[in-house]
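The values are calculated or read from the model by the stated rules, or taken from the named source; none is laboratory data. Fair warning: this is a prediction, and the values are worked out from it, not measured in the lab. Quick reminder, even Gly has a Cβ in these numbers, built from the backbone with ideal geometry, and neighbours come from all protein chains shown. With ligands, DNA and RNA removed, areas are computed over all heavy atoms of the protein, side chains included. Shrake-Rupley method; radii C 1.70, N 1.55, O 1.52, S 1.80 Å.
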Amino acid sequence: MNNSLALLGLLQRQPSYGYDLKHSYDRYFGTEKALAFGQVYATLARMARDEFILALGDETGGGPDRKQYRITEAGQERVSDWLFTPDVPSENLQSNLFAKTVIALLTDDDAARLLELQRAEHMSRMRALTKLKQGASILQVLICDHGLFHIEADLRWIDLTGARLAQLKKELQGA
Amino acid sequence: MNAQAQTAPILSARGLRHSFGSTEALRGIDVDIHPGEVLAVMGPSGSGKSTLLHCLAGVITPDAGSVTYQPGPAVGQSVTISSLNEAGRSRLRLTEFGFVFQFGQLLPELSALDNVTIPLLLNGTRRKDALQRSAELLDRLGLQDNGTKRPSELSGGQAQRVAVARALATAPKILFADEPTGSLDSLAAENVLTQMLQLVREAGTTLVMITHDPRTAAYADREILVRDGAVAAGYQVAP
Amino acid sequence: MNVAILRLALAGSRSAVGRLAGIMAGVAIGVCLLLLLWGAADGLAQRDARGAWLRETGGPAYQPPVDGDPHAASVPIPLGPDTMLVARPAEHFRDSVINRVDVAALPDTSARIPGIPAPPKPGEYYASPALQELIQETPADQLADRFGSFAGTIGNEALPGRDSLIVVTGATESEIRSSNGGAGLVSEFTTNPYGDNALAYRTAFLAGGLAVLFPILLLISIVSNLGAAQRRERFATLRLIGATPGTVARISAAEAAVPCLAGALLGIALSALVRPLAAEIPVNGTRVFIDDLATDWTAAAVVAAAVVLSAMLAAGQRTLGAGTGPLGVTRAMPEPMPTPRRALPLLAGFLCLGALAFAAGVPELRSPWWEIPFMVGGFVLIMAGLVIIGPWLTLLVSRAGLRFARSAISVIASSRIAATPSATFRSVAGLVIAVFVVSIFAGGSSALRNVGVPAAVPGVLQPASVRTFIDPAASPDAVDALATQVNGTAGLHATVAYGSGGYGTDESGDQIYIEAAEAVWLGLTEAPDAGTAVLDAGFLNAWNREPVVASASPAILPELTPFAIIVHTDAAPESVDRARTLLVRSRVAAGPPMSPLDDAATGSTRLVAGLSALAYVGMFVAVSISAISLAVATASAMLDRKRILGLMRLMGMPASSLRRIVTREAAVPLLTVLLLAVGLGFLVAWMMVTSLGPAYKMDWPGADYFTALGLSLGIGAAALVSTFGLLRTSTGMSVTRFE
Ligand SMILES: Nc1ncnc2c1ncn2[C@@H]1O[C@H](COP(=O)(O)OP(=O)(O)OP(=O)(O)O)[C@@H](O)[C@H]1O
Ligand SMILES: [Mg+2]
């Protein structure tokens, strides 16, 4: 999963201090491993350099956690791109997709559409694998099947998440 | 798929709406189905997939919208299914369409072979010819030794293949399948599916197949996703 | 028994209500009909006993000639203070028989006649109320003049039924002795059982009871099977949560017990209500007294217990027969296939009837002691045999049908019948039985029609003529006076026939003489133009069917003795009865007037004819019940497979094809066994007719049989059609949903 894009997405909700950003991030995505402060500031610095964000009211003498950041238009575009570009189905897709969904919900974006696009991507990948199976050796069929089952698992997760979007949104907003 | 998009759709639905009492099962659906394609219809339970299929096949008449069937390139050949009467739709279903369901669609008292002959006989084929064609189909589906068995003596996968044979017996233009592998395990499902697809593709039959199973849907050329009685964003017909 | 389990078993679905109501109705109808039949059998026997005095012939009125000297005159036995002289001349009015009893008694006789205070004086009569009514409604010259003056009515205790036509007329001793009707000396009218019909009634009603009971049990069995699919599931659930098969059996018995008992009470009440209506049905020429149909409480209890028990058995058997295990019936259990062994009961029945048929020709073998049980046993065996063999025959026919089937409809219907022959046959079994019973009575009544009024044939006594023999003691002047009186009446013409001696005397030859001009009145076409014609005396016999030829004779009529008087009528019923009345009143007749028309009203034919009215009522009941059974069975089979039929429609099978399938599934088993039922019905009828006597011959059934047969099939067809609405709705497209 792409930490920087997730942080950028979180910023899209409202301008925040680095400190708050880290805590938001931890709450939504850091259940297993919290983000280190150093990593947050490094990422923020990089994004500021790329002009995806702006530091507000640059209070002199304050450390990075005393700085408030705001997303720029370029940043917003970057987030949107990220959200609505389906990922190639792969092993580590899940956390990214999850982050995208959460961000979309948090920012009142069209999470359902995001999932559907991902779904279509998965399906076309599955179709391709299924085509490969035709007339293939049994060994190859088994490999394809392995891939198919994995993609299918993702797909099922996508479908399930799609069915639970409303519930998820309520929970996120409540939190 | 681009090639298909250029040919005229064999079945085309516009603005389909249908309600059961206060339940709105379809809320404005547009679909185009192209000749020879295999289309998977997916979507959550209760989203209206079966209702859509029934409307497309002329099993029920939608409250609003139209379904047009165009079996060939000639212009005058198209039929507006949604405005036919019951007898006309029955005849259309009998001669032009085939149906496969999840289970329990075979007449329990008839042998597998006789089950397959029914649509042929209804079409006026002589029984001898019907039996011959049915036996061929069962052969193709690997059921040569099961022709005399009753459905209760067949396994689920065998029964499903008999159902496929019956649906294809009349060489329909469009085959409608509602979760055809829904009650089978992965391997049996795959066997039934590949055999069905092989026959369908050979004959150039159009297949519209509802399924919950992504791996089944992956056999299709294309899929649409139905959600809350409408085709989900990203699967809509290009205007 | 666990209350929760019971509640689960009874959990009210609509089909459960239908089942319970159906069982209750079946039991109610069964109890009601059987009670009526029981009452009728009993009542008719009582009725026969009440009428026994009418059959009293008494002792001889003459001392036999001493020493067997054939020429010695017999000596009359004089009337005593405790005896009556009784003659019973046959009396006819229109097409009914009037039971006429002529009595002569000393004025202070102590002998008593049932139903009246004292024997009527000469010229007076006592009549049953029905006859008296008839007398008053009819012009006197057709009826009243035959009897004299009215002295009073005969009490009910001496009358078989409400419509009994009975008259007791007073006469002088010499009148009765001179009448040729065979007078007897009676000291007491006993209840002589000889010649009664009680056994015949009981036999007929036993058979009738079985014929009615069977469709009812069938109905109950079919109704018990309503919603079979759902029920199997429910019982499977019960088994799954721990109920033993015994518990399930007890539950279904308990379930049937409540509607059964309610139905029994309803049936008893119903029978009391219907009794006056049933009493309107004429049996053997008269309607019965309502009280005769009443049954006591023992009968009610016995009938109710029998019906309730068999209903519960029928219901419980159907539940147990399903053999529900804890896993339910995931796959349809195949019906056990019928085997050729099912032909056995029918063959046994054949043997019974065969034995009877054989014995009919051998008088030494005949005895009611074994003939009645064989008759009833054969009847029951054949009836049961028909129902038992039905599924097997149905199976054979449907298998052959499947082989030669050409349409989808016949493939589907034949396969279904071949797979479930018992179930498909069961739905029409009632109709088969009804047809069987109708055929029996049609065969029986065809024999009776045979004995009807003969057609007018030249050279044979005209059907609408009345004739009587003339008392040799009568003066020729009196005979002439009678002839003149007859000729003076509109529509009548009298012909006097002469003999070489008076009627009954040794001098009378076997030829009679008439004026040649009269020949045309007698229907003689071949006769001389003038003078005297002579013809065979056999002409006067009512049964003579050989045309008689009259030839010229030199005889001079006034030199001969008047022998008979033949009255030609214009065939109007009024004229015939006027002729009868004139002849009865005249004092020259040597016996009651006779007419070929009389035969239509006489004899034991009346009994069978009377019973056949009852049979048609029974048939109607059986057919109606069977039609209900057919409708219920068809509907429940349809509901049980509505999903698959719905899918057939979805595939594009038109609704009309589904109707044809359902129709065929009822028609094939019915038609398969129909011919057999008809044939066996006529066979049984033939047995019964033969046992009546050699005079009766079976004939082709009349139009009313085909009407009844057509009606039965029509009612069945209507029952079937009534389920078509259900077919349309129950196979609507929603049934294809799997949820
Ligand atoms: N005959 C009917 N009567 C009432 N409601 C119906 C009927 N058929 C369908 N519905 C309703 O219409 C909606 C769509 O039903 P439909 O059967 O088309 O769903 P589906 O997508 O096929 O679901 P599944 O995947 O479970 O088969 C559901 O809410 C269902 O309850
Ligand atoms: Mg569905």
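Some notes on this structure:
- The overall shape of segment A:3-83 is oblate: from the C-alpha gyration tensor, with semi-axes ordered a ≥ b ≥ c, the ratio a/c is 1.5 or greater and a/b is no larger than b/c.
- Fully extended contour minus Cα-Cα distance, from C:Glu335 to C:Ala473, at 0.36 nm per residue: 41.3 nm
- The protein assembly as shown - share of DSSP beta bridges that are antiparallel (%, nearest 5): 70
- The calculated FRET efficiency for the pair B:Lys128 and C:Leu675, based on their C-beta separation and a Förster distance of 35 Å, comes to about 0.70.
- Solvent exposure, largest accessible area first (probe 1.4 Å, DNA, RNA and ligands not counted), of C:Arg234, B:Arg126, C:Arg664: B:Arg126, C:Arg664, C:Arg234
- When the residues A:Glu152, C:Glu546 are ordered by accessible surface, computed with a 1.4 Å probe over the protein chains alone, the sequence from largest down reads C:Glu546, A:Glu152.
- The relative contact order of segment A:3-83 comes to 39 percent, based on Cα pairs under 8 Å that sit 6 or more residues apart.
- If you sort C:Asp477, C:Asp704 by accessible surface, 1.4 Å probe, largest first, the order is C:Asp477, C:Asp704.
- Antiparallel DSSP beta bridges within segment C:59-192, percent to nearest 5: 65
- Ellipticity estimate at 222 nm from DSSP helix runs (n ≥ 4, -39,500 (n - 2.57)) divided over the protein assembly as shown, nearest 500: -17500 deg cm²/dmol
- Modelled FRET efficiency - R0 51 Å, C:Asn541 with C:Phe706, Cβ distances, 0.05 increments: 0.90
- Heavy-atom accessible surface of segment C:59-192, averaged per residue, reaches 47 Å², computed with a 1.4 Å probe.
- In Å², nearest 10: area of B:Asp145 left accessible to a 1.4 Å probe: 120
- Helix B:156-169 and the longest principal axis of the C-alpha atoms of chain B enclose an angle of approximately 70°.
- Value of Rg to Rh for the protein assembly as shown (Rh from inverse mean 1/r over Cα pairs, i.e. Kirkwood): 1.24
- Stretch gain in nm, segment C:Ala517-C:Asp699, where the contour uses 0.36 nm per residue and the Cα spacing is subtracted: 61.5 nm
- Legend: residues in segment C:638-677 shielded by at least 50 square angstrom of accessible surface upon adding the remaining protein chains to the isolated chain (1.4 Å probe, heavy atoms) are C:Ile644, C:Leu650, C:Met651, C:Gly652.
- In segment B:104-118, burial by the other protein chains removes 20 Å² or more of accessible area from B:Gly104, B:Gln105, B:Leu107, B:Glu109, B:Leu110, B:Asp114, B:Ile118, compared with the chain on its own (1.4 Å probe, ligands and nucleic acids ignored).
- Projected label points at A:His150 and C:Val17, each 7 Å from Cα along the beta carbon direction, are separated by 6.1 nanometres.
- Here the label points at C:Phe150 and B:Glu153, each 7 Å from Cα along the C-beta direction, are separated by 8.3 nm in the simple model.
- Taking only the C-alpha atoms of chain B, Rg followed by Dmax gives 17.4, 51 Å.
- Buried between B and C is an accessible area of approximately 2500 Å², summed over both sides with a 1.4 Å probe.
- The long axis of helix A:18-29 is offset from the longest Cα principal axis of chain A by roughly 20 degrees.
- Nearest-10 value in Å² for the accessible area of A:Phe149, using the 1.4 Å probe: 100
- Difference of contour (0.36 nm per residue) and Cα-Cα distance, C:Ala118 to C:Ala301: 61.6 nm
- Its Cα gyration tensor gives segment C:59-192 an equivalent ellipsoid; the semi-axes, largest first and in whole Å, are 28, 16, 13.
- Once all protein chains are placed together, B:Ser19 keeps about 40 Å² accessible to a 1.4 angstrom probe.
- For segment C:59-192: relative contact order, % (alpha-carbon pairs under 8 angstrom, 6 or more apart): 33
- Pairs from the table (A:Lys22/A:Lys169; B:Lys128/B:Lys149; A:Lys100/A:Lys170; B:Lys128/C:Lys642; A:Lys67/A:Lys170) lying more than 25 angstrom apart at Cα are B:Lys128/C:Lys642; A:Lys67/A:Lys170.
- Summed buried accessible area for B+A [probe radius 1.4 Å, Å², rounded to 100]: 1500
- Normalised by the number of residues in segment B:105-164, the average gap of Cα pairs under 8 Å and 6 or more apart makes the relative contact order 49 percent.
- Cβ-Cβ FRET estimate between C:Leu557 and C:Val457, R0 fixed at 30 Å, reported to 0.05: 0.70
- Using a Gaussian network model of chain A in which every pair of alpha carbons under 10 angstrom is joined by a spring, one finds that among A:Leu56, A:Leu165, A:Leu106 the greatest mean-square fluctuation is at A:Leu56.
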